[in-house]
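Visitor: Quick one: this structure, given as structure tokens, is what I'll be asking you about.
The values are calculated or read from the model by the stated rules, or taken from the named source; none is laboratory data. Quick caveat: nothing in here was measured; it's all calculated off a predicted structure. Cβ atoms come from the backbone with ideal geometry, glycine included; neighbour counts cover every protein chain shown. Accessible surface is based on the protein model in full, side chains and every heavy atom, while ligands, DNA and RNA are left aside. Shrake-Rupley method; radii C 1.70, N 1.55, O 1.52, S 1.80 Å.
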Protein chains: 2
Amino acid sequence: MMARRNDHSRDELQQMALQAAERLLDEQGAEALSTRKIAAAIGYSVGSLYQLFRNYDDLCWQINSRTLQQLLQALAPHDGKPPREALKAYALGYLQFAGQQPQRWSLLFEHRSPAELATPVELDGAIAQLFGLIEQPLAALLPEQPAQEIELAARTLWSGVHGVAVLSSKDKLFHADPGSAGRMVTDLIDRYLDGWRG
Amino acid sequence: MMARRNDHSRDELQQMALQAAERLLDEQGAEALSTRKIAAAIGYSVGSLYQLFRNYDDLCWQINSRTLQQLLQALAPHDGKPPREALKAYALGYLQFAGQQPQRWSLLFEHRSPAELATPVELDGAIAQLFGLIEQPLAALLPEQPAQEIELAARTLWSGVHGVAVLSSKDKLFHADPGSAGRMVTDLIDRYLDGWRG
DNA sequence: GAAAGATAGTGAACAGCGTTTAATTTGTAA
DNA sequence: TTACAAATTAAACGCTGTTCACTATCTTTC
């Protein structure tokens, strides 16, 4: 009744585990995630999980990598818009994603790994990709600025949007109005961009 | 050789525990914090800790409350400055604090408690206090704006600064220049404020 | 001062966690 | 059919937060 070798390939098993983990994450939060629960959810023992993932942090990173891909996909449709609208649409999409996927968002930005384990390059790359997305409309809006200035402005502006998303997702903005976060990011973008005109 | 009732009062013990916890936190990170280590550090057993704190989250919240007080104290000296300088000084102080106390900062903003446990009012109050600190110079800079608008602008601007601090403390800004975070927050404040002139 | 009561303090226990490993089952190849 | 290799498991280790019966200590009362 145990040890079925050809039921699923390694990759299939990996996908099954990640999906089960994401389900648990969504339903019970990051605190409740555990290797044993994930293993039980796919009908395997804990030890088998360790043939698919190097350790628990590796598993979390793979979830985060998928989350980041989904986030980038959610932002993609706003590609062709006029620069300022594109920036606002990215920001609102960012906010919306954080609001709709609170647990995955939380795992993405709050998962602490032991200091000695470095975050995988793949994850960092996706974040860099996100910054790159912002640079394009920003460069269009500030044509006289050198690339380096655009780079810094993109990071500045997007850090700001990220900050709103973070505090908003934790209900730390102290504003009863649920739409205030949206107004805040569009306001931030408008003011910041207008500030460059002077 | 055990059970010394009059060596320390309840309050003394509580302070000892919090100090020991902060020391462990600073030296080994939030991951390494544990009730047993804290108890051992003050020469008591685990069970005794539970007479001082309702649970581990309560202990973390008390650490966070102290951290927040220290942060507010670090910002206090910039009270009297001209509005725009005050805002920048607050922002730089915020950044500096995050950089100098990375572990406490991390615990403050990333400690996840089981969802059913609500964050204590005391903590929320300190965050509200922080927002209030920003509203003053902002109101001076935008005298024609109604109080509600100032409130929202303070949250917007400070969320932005917070975002820079968060990404900066995690080295997710991808900027070799270590001073770039400082330039980013002052840039953010300047542009945002200038944006209001139009 | 002795007895009684209250409480600070203990340490073992429980259930859970991530992780490793010896042993076993399975599929494949000789 | 036998031998080998790989997948899978169960048990174990050391850790975690938390609880609880028990003991040692102090305080109060007689």
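Visitor: Quick check: net charge around A:Asp177, other residues with Cβ under 12 Å of its Cβ, Lys/Arg +1 and Asp/Glu -1?
Guide: Values: positive: A:Arg183, B:Arg155; negative: B:Glu151.
Computed value for this residue: +1.
Visitor: Starting from the Cα of B:Ala76, step 7 Å along the direction of its Cβ; do the same at B:Asp190; then give the gap between the two resulting points in nm.
Guide: 3.1 nm
Visitor: If you keep only loop residues by DSSP, which GluC sites (Glu not before Pro) in segment A:120-198 have at most 12 other Cβ atoms within 10 Å of their Cβ? All intermediate terms of the calculation are to be shown ahead of the outcome.
Guide: Values: sites: A:Glu122, A:Glu135, A:Glu144, A:Glu149, A:Glu151; in loops: A:Glu144.
Listed in order of number, the matching sites are A:Glu144.
Visitor: Taking the label point 7 Å from Cα in the Cβ direction, how far apart in nm is B:Glu144 from each other copy of itself, listed shortest first?
Guide: Listed shortest first, these distances are 2.5 nm.
Visitor: Tell me which of B:Ile189, B:Leu152, B:Val166 sits at the most positive position along the dipole axis of segment B:130-193, charges placed on C-beta atoms (Lys, Arg +1; Asp, Glu -1).
Guide: Farthest towards the positive end: B:Val166.
Visitor: Taking a label point 7 Å from Cα toward Cβ, how far is B:Gln73 from its twins in the other copies, in nm, shortest first?
Guide: From this label point to the equivalent ones elsewhere in the assembly: 5.0 nm.
Visitor: Counting only other residues whose beta carbon sits under 15 Å from that of B:Phe53, what net charge do I get with K and R as +1, D and E as -1? Write out the running numbers ahead of the final one.
Guide: On the way: positive: B:Arg10, B:Arg36, B:Lys37, B:Arg54, B:Arg66; negative: B:Asp11, B:Glu12, B:Glu22, B:Asp57, B:Asp58, B:Glu122.
Local charge sum for B:Phe53: -1.
Visitor: Which of the residues in segment A:161-188 show a loss of at least 50 Å² in accessible area from their chain by itself to the complete set of protein chains, at a probe of 1.4 Å?
Guide: Those residues are A:Leu167, A:Lys172, A:Phe174, A:His175, A:Met184, A:Leu188.
Visitor: To continue, here is another question. Taking all protein chains as present, what is the carbon and sulfur share of the accessible area of segment B:8-50, in % to the nearest whole number, probe 1.4 Å?
Guide: Exposed carbon and sulfur together represent 46 percent of the surface.
Visitor: Pop out a list of residues from segment A:120-137 that are at least 20 Å² less accessible with all the protein chains around than in their chain alone; 1.4 Å probe, no ligands or nucleic acids counted.
Guide: When all protein chains are present, A:Asp124, A:Ile127, A:Phe131 each give up 20 Å² or more of accessible surface.
Visitor: Of A:Lys81/B:Lys172; A:Lys81/A:Lys170; A:Lys170/B:Lys172; A:Lys170/B:Lys81, which sit over 24 Å apart, Cα to Cα? Don't skip to the answer; put the middle values down first.
Guide: Details: A:Lys81/B:Lys172 27 Å; A:Lys81/A:Lys170 30 Å; A:Lys170/B:Lys172 20 Å; A:Lys170/B:Lys81 31 Å.
The pairs that break the limit, which is 24 Å between Cα atoms, are A:Lys81/B:Lys172; A:Lys81/A:Lys170; A:Lys170/B:Lys81.
Visitor: Using the Cα centre of chain B as origin and beta-carbon charges of +1 (Lys, Arg) and -1 (Asp, Glu), tell me which of B:Leu130, B:Leu13, B:Leu95 is placed farthest towards the positive end of the dipole.
Guide: So the residue furthest toward the plus end is B:Leu13.
Visitor: Between B:Phe174 and B:Gln148, what length in nm is gained on full extension when 0.36 nm per residue of separation is reduced by their alpha carbon distance?
Guide: Going from the current span to full extension adds 5.8 nm.
Visitor: As a test of the definition: with a 1.4 Å probe, what buried accessible area, both sides summed, do you compute for A against B, in Å² to the nearest 100?
Guide: Summed over both sides, the interface buries about 3900 Å².
Visitor: Another question, then. To one decimal in nm, how far is B:Arg4 from the same spot in the other copies, if labels go 7 Å from Cα toward Cβ? Please give the shortest first.
Guide: Going from nearest to farthest copy, the values are 6.3 nm.
Visitor: Within 10 Å, count the other beta carbons around each residue, average over each peptide in B:66-75, B:187-196, A:81-90, and list them highest first.
Guide: Those peptides, ordered most packed to least, come out B:187-196, A:81-90, B:66-75.
Visitor: Continuing with this model, one more query. Quick check for me: using +1 on Lys/Arg Cβ and -1 on Asp/Glu Cβ, what's the dipole size of segment A:1-149 about its Cα centre, in debye to the nearest 20?
Guide: 520 debye
Visitor: I would also like to ask the following. For segment A:27-67, run through the chymotrypsin sites (Phe, Trp or Tyr not before Pro) and keep only the ones in DSSP coil with at most 13 other Cβ atoms within 10 Å of their Cβ.
Guide: none
Visitor: Placing +1 at every Lys and Arg Cβ and -1 at every Asp and Glu Cβ, with all other atoms neutral, what dipole size does the protein assembly as shown have around its Cα centre, in debye to the nearest 20? Don't skip to the answer; put the middle values down first.
Guide: Details: 38 positive and 48 negative charges, 148 e Å.
Rounded to the nearest 20 debye, it is 720 debye.
Visitor: Can you figure out the FRET efficiency of B:Gln136 with B:Glu27, using R₀ = 30 Å and their beta-carbon distance, to the nearest 0.05? Mind showing how you got there, number by number?
Guide: Numbers: r = 37 Å, r/R0 = 1.24.
The formula returns an efficiency of 0.20 here.
Visitor: Where does the protein assembly as shown land at 222 nm, in deg cm²/dmol rounded to the nearest 500, when only DSSP H runs of n ≥ 4 count, each adding -39500 (n - 2.57), divided by all residues?
Guide: -23500 deg cm²/dmol
Visitor: For every other residue with a beta carbon closer than 14 angstrom to the beta carbon of B:Leu75, add +1 if it is Lys or Arg and -1 if Asp or Glu, then tell me the sum.
Guide: Surrounding charge for B:Leu75 is -1.
Visitor: Accessible area per residue of segment A:55-195 at 1.4 Å probe, in Å²?
Guide: The answer is 42 Å² per residue.
Visitor: Between the DSSP loop rule and a limit of at most 15 other Cβ atoms within 10 Å, which trypsin sites (Lys or Arg not before Pro) in segment B:158-188 are left?
Guide: Here the sparse-neighbourhood loop sites are B:Lys170.
Visitor: Based on DSSP H assignment, which helices of chain A show an axial Cα extent of at least 18 Å together with a mean Kyte-Doolittle hydropathy greater than or equal to 0.5?
Guide: Once both thresholds are applied, what remains is A:121-141, A:147-169.
Visitor: Something else about it: Between A:Gln51 and A:Glu85, what length in nm is gained on full extension when 0.36 nm per residue of separation is reduced by their alpha carbon distance?
Guide: Result: 7.6 nm gained on full extension.
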